[in-house]
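The values are calculated or read from the model by the stated rules, or taken from the named source; none is laboratory data. A quick note: this is a predicted structure, and the numbers were derived from the prediction, not measured. Neighbour counts run over all protein chains shown; Cβ positions are idealised from the backbone, glycine included.
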Amino acid sequence: MQRQETNGEWQGLWEQYGPRLLLFARQQTAHDGDAEDLVQEAFVKYWRARRKQPALPPTLMFRMVKRTAIDRARKAQGREQRERESQLLAGEPTTWFAHPVEDQERQEQIDSALRALPAHQREVLVLKVWSDLTFEQIGETLDLSPNTAASRYRYALNQLRKILTPAVV
Amino acid sequence: MNDDLEEIARELAQLRPSKPAPQLNRRIELELDEGDDDRSLSTPPVAWFRWLPLAAAAVLIAAVTVTAMLGIISRSSRDNAASFASTAPQDRESDSSAPAKSGFHRIRNANYLIDAEDNGLLFPSASVPFRKVTWQFVSASEWRDDRDNATVQVLIPREETMLIPVTVH
């Protein structure tokens, strides 16, 4: 009974942060299976830690995803190359966003424009827009200064505007 | 930020990150059901074997050094037997017991930091989070015999791992 109650508690947090964490993890690795592994590891670690220290902020999970991704990349040299190859073989990339039927074409434009951004700009954009982190929190998550995070965010938006504006007009 | 960028940001914010697959939810549930996991703290990765070749080389150097020093001491004792005969008994005892008396004296004793690695945060379920930091040093000692300027170096690789308690604000 106790275990069921504990599980019920994490479900709420998972509902809220699961999609955001997965989107962020997808910026750290090209392989969707690895992104899911990152999210699982970070979420479980965070949940266990929070049971002992309830004051731990949920935004810490993004940093844990980032750190876990870095650690794994260090341990698996050459993995990126294999991921690129497997991604090529895998065909269509994983969908990052839930597409309602209406405006699907426009959302696909945005999706592909996002993928065209440099990774360091895209991860800041993801944390700012879809995870609601402040620039200070983004800086802590990515080991950047808040000013650098803000600068990358503006560059990313500018880049997206250049790509997407013709469709707006 | 200008209006164009804000408009782009608003449009992006309307997209909803896709939800994780139910299988990921199930995996997390299973892992949490397995109970607390203190493995990350109780069995830290053992990295000493990486240094085994260097340590073996250092031991070999040390052995050669001791052998050479004993040989020098022995030869010195034979060469100076006449002068030793005229010294007091307590002096003769101290002369034959320390390498420094044979001419070798330490000219360098230093620790060199080779690498510092931040292994990220650990979240043991039974205590507060830790930051794991690993330092790799080489301890270098050097002796010189002033009579013939012979020098002996001993290099000992060393790795230190520290778990630093982290307070989250």
Among the residues of region B:115-138, what is the count of those that are crowded, with 16+ Cβ neighbours inside 10 Å, facing another protein chain (nearest Cβ under 9 Å) and among the hydroxyl-bearing types (Ser, Thr, Tyr)?
1
Sole exception among (1) at pLDDT 80 or above; (2) within 14 Å of chain A (Cβ to nearest Cβ) for B:ASN109, by number:
(2)
Could you please find all residues in region A:136-169 being within 12 Å of another protein chain (Cβ to nearest Cβ) and hydrophobic (A, V, I, L, M, F, W, C)?
A:ALA150, A:ALA156, A:LEU157, A:LEU160, A:ILE163, A:LEU164, A:ALA167, A:VAL168, A:VAL169
Scanning region A:101-116 for residues that are surrounded by fewer than 21 Cβ atoms within 10 Å (Cβ to Cβ) and of a type in the set (A, V, I, L, M, F, W, C) gives A:VAL101, A:ALA113, A:ALA116
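Does B:PRO22 fit the bill of being at pLDDT 65 or above, closer than 18 Å to A:ARG26 by Cβ and more than 10 Å from chain A (Cβ to nearest Cβ)?
In short, yes.
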Answer residue from region A:58-94, given it is surrounded by 13 or more Cβ atoms within 10 Å (Cβ to Cβ) and not in a helix (DSSP H, G or I) and is modelled with the lowest pLDDT among those:
A:PRO93
Report those helices (runs of 4 or more DSSP H) wholly inside region A:115-169 carrying at least 2 residues which are among the polar types (S, T, N, Q).
A:135-142, A:146-168
